[in-house]
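Structure first, commentary second.
Please treat every number below as a calculation from the coordinates, not as lab data. This is a predicted model, so every value here is computed, not measured. Backbone-built Cβ (ideal geometry, glycine too); neighbour counts: all protein chains shown.
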Amino acid sequence: MEGMSVIHPLATDDQILEELYKLMTMSTRVFIVHMLIPLGPGLFTRANEIGMMEEGYVWILTDGLTDISSTLDPSVIDSMQGVLGVKPHVPRLKELESFKIRWKRKIQQEYPTNERFELNIFGLWAYDAAYGLAMAVEKLGPTNFSFQKFITSRNSTDRDTIRVSQIGPNLLQSLLSTRFKGLSGDFQFFNRQLRSSAFQVVNVIGKGERGVGFWTPESGTIRKLHSVDFANYQVTSGKAAD
């Protein structure tokens, strides 16, 4: 990695342009973008304006921006043509499709003016995490959920007193051993971290993204996973020359 460019979360368009011009002076033409979601559209709009989305440049997104790329404004998508992205692979399960229908119906009822109903990977992870925690508590069986007061300072007040659950260590072990097939895929911990069983590589083309292949810890980069096959798809990086 030749270098790193840092853009402030509240950066203006001029500040984003300043960083992009710095990148143009570097010898590398491959950029990995890991940033807050609100910054992404502005970055690629400015990059497109100064010619950094043409052939010869390669842009790779981490999962945060990749997961919301399909919901971006069409003008932003047009600026991102050829961008590659990596995101956790979510299997198409009947349970997931059924949940999405119920989710959309509920959101339409409670927020009728909301035009976007997409449930992204973060929402699926939150649902699976809550479900996994409930399973972990259930595995413990009948338990006394008592709390012990823990004083954080000598001159303490009620606000400085934290109540600590006595079953915390047992609950942690129960959660770490919990495994099930959730809405986002296999729910399991590896070294105390939630582990995605596979990642999907996508290419922004036309009005949205297209699958390119997959990456798994066991097999590395592959074109086919289960019944999904991208063997005949060619990757496009940067806009084609006119």
Taking the number of other C-beta atoms within 10 Å as the exposure measure, put Lys87, Lys224 in order starting with the fewest. Lys224, Lys87
Lysines whose Cα lies under 20 Å from that of Lys139, excluding same-chain neighbours fewer than 8 positions away: Lys181
Per-residue Cβ contact counts at 10 Å, fewest first, order Lys181, Lys22 as Lys22, Lys181
